[in-house]
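Bear in mind that the values in this text are calculations on the coordinates, not laboratory data. The structure presented is a predicted model; accordingly, all values stated were derived computationally and were not measured. Virtual Cβ from ideal backbone geometry, glycine too; neighbours counted across all protein chains shown.
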Amino acid sequence: MNGSYGPPDRFNEEQATFTIRGSDAPDLKAGEAAIRNVLKTLPLKPGVYRMHDAKGDVLYVGKARALKNRVANYVQVERLPKRLQRMVSQTRSMTIVTTNNEAEALLLEAQLIKRYRPAYNVLLRDDKSFPFILLRADHDFPRIQKHRGARRAKGDYYGPFASAGSVNNTLNALQKLFLLRSCTDGFFKTRDRPCLLYQIKRCSAPCVGRIDPTGYADLVGDAKKFLAGKATDVQAKLGAQMQAAAENMDFELAAVLRDRLKALTFIQGTQFINAEGVGDADIFALASHEGLIGIEAFFIRGGQNWGHRSFFPAHTADVPEDEVLTQFMMQFYEEVPPARTILIDRALPEAELLTQALCEQAGRKVELAVPQRGVRKRLLDQASRNAKEALERRLAESTTQARLHRELAELFELGDSPDRIEVYDNSHIQGTNALGAMVVAGPEGFRKGQYRKFNIKQAATDDDYAMMREVLQRRFARALEEDPDRDGEAWPDLVLLDGGRGQLNAAKAVLEDLGIEDVCLVGVAKGPHHGREGREVFHLMDGRELTLPVNSPLLFYLQRLRDEVHRFAIGAHRAKRAKAIGASPLDEVPGIGPARKKALLMHFGTGRAVRNASLEDLRKAPGVSAAVAQQVYDFYHAR
């Protein structure tokens with residue numbers, strides 16, 4: 001037996017490890033002996049225990065009101081379900097942490113499960129950070145932006161949102177309604193004229209003085225009211241301003257305010273649900289079928305629907321549904337602040353303890369309730385229907401396009417399955433006949449009618465990054481002009497770039513210049529072994545790099561997307577090169593058709609000879625009139 005001591009992350013209680021030597025192979029008697037050895041010295045105190053295998057890996061994390069009583073259950077092997085018997089047979093050591101109370105033990109348990117992801121605990125599979133809206137407070141003209149991760153920047157945070165799609169839709173609406181800037185501070189400082197967002201009425205252009213600090217602060221105040229659920233106050237204010245502008249004969253301002261009111265009405269229609277009296281609430285409903293458990297989460301803030309997300313926890317076999325929901329909620333709130341009201345679809349045995357732990361986590365009162373009637377019950381019923389439907393869809397999915405797109409959304413944190421994927425590549429030979437290519441894919445497969453090619457016009461054709469910048473600049477600038485409200489189907493949910501970090505950075509710079517921040521960009525590089533399939537590296541916008549197993553169906557699908565854009569780009573390049581090979585200097589002469597071009601070439605032999613011919617010689621060519629001869633001569637000699 002040996003012991004070690006040290007403070008876990010946020011708890012200062014004593015930690016002790018007890019180990020018994022034995023075979024690495026599963027052995028029920030050896031595992032039981034290891035647990036009994038620990039049991040001898042356990043106190044009747046609340047705390048958390050971790051079970052380790054022979055390698056020291058964590059098998060299970062559990063909490064207890066009285067550690068001695070809880071751990072004693074594991075030595076009564078015949079009463080344990082098969083799953084826990086397997087766990088005991090692998091156990092060779094335990095780590096014990098005592099806490100001040102059971103609520104602290106519940107919080108520490110969730111923290112350790114998130115850290116170690118044990119094989120026998122219920123796990124929240126989707127443990128990606130949730131997006132927030134950040135309205136910064138460190139600038140005279142605050143920027144509104146999407147935010148993930150630690151909240152270190154000074155400002156107001158609004159969230160969580162269920163997905164990147166939800167927060168992007170809200171940001172898009174806020175730009176139309178409040179005209180707040182979304183550009184970086186560096187971009188803001190260098191502007192000498194308004195950007196495209198100002199032209200399409202998505203920004204008030206504070207960078208070039210089109211609005212003063214007082215007026216901008218007024219817009220920021222309205223945005224804060226709206227995000228706090230006071231949309232009615234904002235609507236009344238805009239209505240009064242529009243009426244006053246009309247009475248003062250300032251019809252241009254009245255039209256601007258009218259458009260903002262329309263945007264507000266649209267937002268209310270898409271985001272508002274009947275949640276009167278609910279305030280800020282998170283709603284959870286659980287559905288189960290054929291051994292699979294799905295949990296639907298709804299996020300309500302100030303009567304606005306900030307999205308919903310389906311979760312499918314892992315390791316739920318033989319685990320009671322109440323325990324699954326409890327474990328899920330504690331892991332969920334490890335990184336997300338709890339709402340003031342949490343609505344669930346069943347009474348939990350440890351509801352009081354869970355409420356106490358969440359109150360401690362939030363530093364304020366948190367209400368946990370199972371509604372029986374009224375608006376809350378209707379909201380919960382809606383979540384329950386969505387949970388059942390999501391579970392049915394999950395069960396029905398197989399290795400189809402729909403499943404691949406769902407996995408793609410999970411891999412690149414898209415929120416919803418992408419409906420439109422655009423893939424880009426450049427093609428040239430030593431800078432000649434350079435062009436860019438775009439292919440489009442959806443759940444139904446490739447959309448070949450929407451493929452596009454871009455003849456490189458401005459960028460240096462030996463600079464792949466510059467070519468990618470030109471292609472994306474032309475594609476998205478045109479998309480903004482044609483569909484500034486993004487109501488159509490031409491906006492991509494995911495953009496794949498054939499290339500690595502350099503191509504990705506070039507693409508990011510283009511979208512930032514255009515004020516577009518809600519398009520997911522991913523660079524697909526060949527990895528360290530360029531000639532080997534399956535070693536692709538996926539470069540994400542936040543700097544991360546991902547790889548997939550060589551036998552992954554999702555990897556095969558991404559390779560197929562990349563290969564398709566290669567095929568299309570190379571085919572378009574070959575066609576352009578073939579046309580260039582057959583081109584003649586005479587093609588540039590206006591008014592010279594195929595017949596006269598052929599006659600001139602047959603007479604003089606080469607295009608250079610035609611260019612160097614005198615006017616008299618051109619007139620002697622068969623089938624060439626004096627007027628045509630003069631036209632050809634003037635084209636080459638009139639300078």
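When Rg is the radius of gyration of the Cα atoms in segment 269-372 and Rh is its Kirkwood radius, what does Rg/Rh come to?
Using only Cα positions, Rg/Rh for segment 269-372 is 0.96.
Dividing the alpha-carbon radius of gyration of segment 585-637 by 2.2 N^0.38 Å (N being the number of residues), what value is obtained?
Ratio of Rg to 2.2 N^0.38 Å for segment 585-637: 0.93.
Across 5 Å bins from the origin, how do the percents of Cα pairs in segment 132-271 run, short distances first?
Distribution as computed: 2, 10, 19, 23, 22, 15, 8, 3, 1, 0 percent.
To one decimal place, what Kirkwood hydrodynamic radius in Å is obtained for segment 410-578 from all pairs of distinct Cα atoms? Before the final figure, lay out each step's value.
Values: mean 1/r = 0.0612 Å⁻¹.
After inverting the pairwise mean of 1/r, the radius is 16.3 Å.
Could you tell me the distance between the Cα centroids of segment 309-351 and segment 439-455, to the nearest Å?
41 Å
Tell me, what are the semi-axes, in whole angstrom and largest first, of the equivalent ellipsoid of segment 465-505 as set by the roots of 5 times the Cα gyration tensor eigenvalues?
Working: eigenvalues 99, 30, 7 Å².
Three semi-axes, in Å: 22, 12, 6.
Suppose we keep just the DSSP beta bridges with both residues in segment 410-578; what percent of those would be antiparallel, to 5?
So the antiparallel bridges in segment 410-578 amount to around 70 percent.
Given N residues in the chain, what is Rg(Cα) / (2.2 N^0.38 Å)?
In units of the globular-protein estimate, the chain measures up at 1.27.
Which value at 222 nm does the chain reach when only helices count, each DSSP H run of 4 or more adding -39,500 (n - 2.57), with the total divided by all residues and rounded to the nearest 500 deg cm²/dmol?
-13500 deg cm²/dmol
Do any of LYS448/LYS526; LYS453/LYS598; LYS457/LYS598; LYS82/LYS377; LYS189/LYS262 go past 27 Å between their Cα atoms, and which?
Pairs exceeding 27 Å: LYS453/LYS598; LYS457/LYS598; LYS82/LYS377; LYS189/LYS262.
Along the charge dipole of the chain, pointing to its positive end and built from +1/-1 on Cβ of Lys, Arg, Asp and Glu, which listed residue (ILE293, LEU496, ALA339) has its Cα farthest out?
Selected residue: LEU496.
Once the Cα gyration tensor of segment 15-116 is found, what semi-axes does its equivalent ellipsoid get, as square roots of 5 times the eigenvalues, in whole Å, sorted largest first? All intermediate terms of the calculation are to be shown ahead of the outcome.
On the way: eigenvalues 88, 40, 31 Å².
For segment 15-116, the semi-axes come out at 21, 14, 13 Å.
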